[in-house]
Amino acid sequence: MSQQANPRGTFLKIADALKTRIEGDPDMTVLPSLTEVVRDYKVSRGVAVRAFGVLKQEGVAEPAPGERWRVVRSGARVDRRPLHQRIADVITADGLGAGEAFPSASVLAERFGVSRPTVTKALEKLEAAGVLAGGGQGKVRTVRAVPTREERL
């Protein structure tokens, strides 16, 4: 009788491998993407999703809308607010006033560790809310209104 790979439990093995990587790298803050897990472990997307589900259930990782899954470490403080709210805080953090230039999507993507399209969606929400003006291809976004403390919550 030949030894064949048993697909049952493969997601558990992947979850264990990812936990080992997390434990071995204290600076790891995000999990590999689903695409990377599918490619590296040669499994289906469904198996990779189940592995991530195990990590969530065990409190090792959590999904972040519009971003990669985050590694959860005990005692570590993580800002779990939506990206557009965190980007709005750039106005006060950088001391920007109405009419001043806002950082580009590329700069914000690097600052927050997300993709440019993800930042663009968040910026569009801020434009719709009247916090930012301008934007678009080749245009510099500017601060339209400085959010009050209540608006930032």
Handout entry: Cα pair distances of the chain binned at 10 Å [whole percent]
Key = 10, 32, 25, 19, 10, 3, 1, 0
Fill in the blank from the handout: Projected convex hull area of segment 99-138, Cα atoms, direction-averaged, in nm², equals 2.8 nm²
Completion exercise
Residue separation between Leu34 and Lys13 times 0.36 nm, minus their alpha-carbon distance, gives in nm 6.0 nm
Practice task
Rank Pro26, Pro65, Pro103 by mean-square fluctuation in a GNM of the chain with C-alpha springs under 10 angstrom and give only the top-ranked residue.
Solution key: Pro26
Fill in the blank from the handout: Output for segment 15-62 (equivalent-ellipsoid semi-axes, sqrt of 5λ from the C-alpha gyration tensor, Å, descending) is 17, 12, 9
Completion exercise
With R₀ set to 22 angstrom, the calculated FRET efficiency between the beta-carbons of Glu23 and Arg50, to the nearest 0.05, is 0.60
Handout entry: Gaussian network model of the chain, Cα within-10 Å springs - most flexible of Ser74, Ser44, Ser115
Key = Ser74
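Coordinate-derived values only; no laboratory data. Please read all numbers here as calculations on a predicted model, not as lab measurements. With ideal geometry, Cβ positions are generated from the backbone for all residues, glycine too; neighbour counts draw on all protein chains shown.
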